[in-house]
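Here is the structure we will look at, set down as structure tokens.
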Amino acid sequence: MSATPKETKPDFDEEFLQTLSQWREQHKIRDDDAVYLLVELFRIHQKHWDQLRQRQMPSLDQFRNDIAAITESANVFKEKSAELIEALETSPAAAPVKTIPSSAAIYAASAALLGGLLIGLALGKLLL
């Protein structure tokens, strides 16, 4: 996975202060003017909400780190499972697999069916 270059974030606060200063000069607004105080109050409010959003939203760097860790774990799992499959294919079975002959299975199934049928008939006569 390639690392993303760190981008420099633009300084919006400095730009805002310059724009605000030009606006104050253009409209001849004093430092203690109510409009200017409202603008400052809005900046306080905006900083507060920006900090809340940053706390609530996870960083994409953390997400990238998690994805890289999951990818690495998946690759390790794939390698280990391939080794296990290869080992199981090359080693002989520890105990031979025992199978039931099909004729014995047919006899057992028909005996169970006949027994169930006889029990059902006997119970049916008792209840009537």
In nm, to one decimal, how far is the modelled label at SER91 from the one at LEU126, with both set 7 Å along Cα→Cβ? 5.2 nm
Per the chain, sqrt(5λ) over the Cα gyration tensor eigenvalues, sorted largest first, in Å, gives 81, 32, 8
Restricting to DSSP H runs of at least four residues, report the calculated mean residue ellipticity at 222 nm for the chain, -39500 (n - 2.57) per run over all residues, nearest 500 deg cm²/dmol. -26500 deg cm²/dmol
For segment 75-128, report the convex hull volume of the alpha-carbon atoms normalised per residue, in Å³, without decimals. 157 Å³
Here the membrane-span-like helices of the chain, with no claim about any membrane, defined by DSSP H, Cα axial extent at least 30 Å and mean Kyte-Doolittle at least 1.6, are 102-127
The correct ranking of ARG64, ARG43 by accessible area at 1.4 Å, largest first, is ARG64, ARG43
Using 0.36 nm per residue, how much length does the chain from ASP66 to TYR36 gain when fully extended, once their Cα-Cα distance is taken away? 6.3 nm
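The values are calculated or read from the model by the stated rules, or taken from the named source; none is laboratory data. The shown structure was predicted, so the numbers you read here are calculated from the model rather than taken from an experiment. Please note: Cβ atoms are built from the backbone with ideal geometry, for glycine as well, and neighbour counts cover all protein chains shown. Just so you know, the surface numbers come from the protein's heavy atoms only, side chains and all, with ligands and any DNA or RNA stripped out. Shrake-Rupley method; radii C 1.70, N 1.55, O 1.52, S 1.80 Å.
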